[in-house]
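Here is the structure we will look at.
We did not get these values from a lab; they are worked out from the coordinates using the rules stated. The shown structure was predicted, so the numbers you read here are calculated from the model rather than taken from an experiment. Glycine also receives a Cβ, built like all others from the backbone with ideal geometry; neighbour counts cover every protein chain displayed.
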Amino acid sequence: MSAYAVPFEKYHGTGNDFIVVDADAEAVGDRAAFARAHCDRETGVDGETFDAAAASGADGNPGRRGADGVLFLSVEERFDPTRVVMTLVQPDGSTATMCGNGARVVARWAHDRTGDREFMIDTQAGTRRASVNADATAATIEMGEPTFDPRWVPLARDEPLIDEPVEGLTVTAVNTGVPHAVAFVDGGRDDPDGIGAVDLDAVAPPVRHAEVFPEGANVNLAAVVDDGSGDGPAVIDQRTFERGVEGETRSCGTGAVAVVAAARRLDLIDGDSAVSRPPGGDLEISVPDRGHATLTGPVAREYGGTLPADPR
Ligand SMILES: N[C@H](CCC[C@H](N)C(=O)O)C(=O)O
């Protein structure tokens, strides 16, 4: 194991948790191996080692061993607003072009380092404006314009995939920075026969790897519990099986935007905003007819320490 110790900090956004590394201060030779080792839920980074007991669990998200990915970040303060270059390496070693919750964590991490509240985040899906609220307990990120265009999802066909059967689920395919399949189910999290009763680890992988998705897809279950026709925004319960994590995460930001975009496309909700309720906490999403979607939700720092650069 390498003696070189990499400084890191652990953050999460509604339970979607990330190891954050300053890319300008680290010498991780093999980022995929680093992510595979330290994100492992059984043997990866352990908060107990870093006196994290006090920091984890306060918002209902139990501090869990491992992570949903490693964010390698580079801050460029010479710009106004401050720019942060973001790279997400996922637990399977793959690099994701965008991560909604990860970008919200980036805004909070950059605030903790610079005191700024507005940022431009350079992702592989494009540059995204981000901000933290006054006490930095929540962050908002621009998410680009969701697209159902088969060339951009991408799909191995020429027509959009809207509310059609794919490997046992009826799905709508949309790209919100990464490819998503959204399947609406009956019954929210409070319904014993609803979304919580589905064996996601069984039904998701066939869709995740379906031939119609040449780059794979994240798989979301969604249940509309309030269509927004009364007071207040629509409310949609959500669960996500994430590509690159290859399992269910406590929340998924690009997935939350995908769910609201699909709900609007299928005319399941009124208005252009909604609250998504993944297990890890509530996310506020707006998906206007044109222009950037937005994603807002809580962010928290769990603990920090150092990890071996080469974990083998
Ligand atoms: N697993 C996703 C990337 C991370 C998305 C998720 N963590 C989010 O908050 O958007 C993919 O490979 O397509």
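With both labels modelled 7 Å from their Cα along Cα-to-Cβ, the Asp80 to Arg301 distance reads 2.6 nm.
From the Cα gyration tensor of the stretch 150-290, with a ≥ b ≥ c the square roots of its eigenvalues, which class applies: rounded if a/c is under 1.5, or else prolate if a/b is larger than b/c, or else oblate? Please list the in-between numbers first.
Values: a/c = 1.69, a/b = 1.24, b/c = 1.36.
Oblate shape, in that a/c is at least 1.5 and b/c is the bigger or equal ratio.
Here the gap between Gln124 and Glu145, fully extended at 0.36 nm per residue and compared with their Cα-Cα distance, gives a gain of 6.1 nm.
Given the rule -39500 (n - 2.57) for each run of at least 4 DSSP H residues, summed and divided by the residues of the chain, what is its mean residue ellipticity at 222 nm, to the nearest 500 deg cm²/dmol? Walk me through the numbers before you get to the answer.
On the way: 4 runs with 45 residues, N = 312.
Calculated at 222 nm, the ellipticity per residue is -4500 deg cm²/dmol.
Each residue of the stretch 118-131 is assigned a 3J(HN,Hα), and the resulting list reads 10, 9, 10, 10, 8, 10, 6, 9, x, 8, 10, 6, 9, 8 Hz, derived from the Karplus form 6.51 cos²θ - 1.76 cosθ + 1.60 (θ = phi - 60°), x at Gly and Pro.
The share of C-alpha pairs in the stretch 241-292 whose separation exceeds 15 Å stands at 47 percent.
Taking the Cα centre of the stretch 130-208 as the origin, how large is its charge dipole in debye, to the nearest 20, when only Lys and Arg (+1) and Asp and Glu (-1) carry charge on their Cβ atoms?
On the way: 4 positive and 15 negative charges, 62 e Å.
Magnitude of the dipole: close to 300 debye.
Helix 100-114 and the longest principal axis of the Cα set of the chain meet at an angle near 30°.
Ordering Val28, Phe72, Ala274 by Cα displacement along the dipole of the chain toward the positive end leaves Val28 in first place; charges were set at the Cβ atoms of Lys, Arg (+1) and Asp, Glu (-1). The order of the peptides 86-95, 196-205, 105-114, 252-261 by mean Cβ neighbours within 10 Å, most packed first, is 252-261, 105-114, 86-95, 196-205. Net charge within 12 Å of Pro214 by Cβ-Cβ distance, Lys/Arg positive one each and Asp/Glu negative one each, not counting Pro214 itself? Taking every other residue near Pro214 into account, the sum is 0. Segment Asn133..Asp24, full-extension length gain: 36.6 nm, with 0.36 nm per residue of separation and the alpha-carbon distance subtracted.
Calculate, in nm to one decimal, what Asp112 and Asp199 gain on full extension: separation in residues at 0.36 nm each, minus their alpha carbon distance. Answer, rounded to one decimal: 27.5 nm.
Placing a label point 7 Å from the Cα of Asp191 along the Cα-to-Cβ direction, the residues of the stretch 207-227 whose backbone N falls under 19 Å from that point are 220-227.
Which loop-located GluC sites (Glu not before Pro) does the stretch 28-126 contain, where loop means any DSSP state but H, G, I, E or B and the Cβ has at most 13 other Cβ atoms within 10 Å? If you can, show how the numbers build up before the last one.
Working: sites: Glu42, Glu48, Glu76, Glu77, Glu118; in loops: Glu42, Glu77.
Counting only loop positions with at most 13 other Cβ atoms within 10 Å, the GluC sites (Glu not before Pro) in the stretch 28-126 are Glu42, Glu77.
Prolate is the label for the chain, because a/c, from the alpha-carbon gyration tensor with a ≥ b ≥ c as root eigenvalues, is 1.5 or above and a/b exceeds b/c. With both labels modelled 7 Å from their Cα along Cα-to-Cβ, the Asp227 to Asp163 distance reads 1.1 nm.
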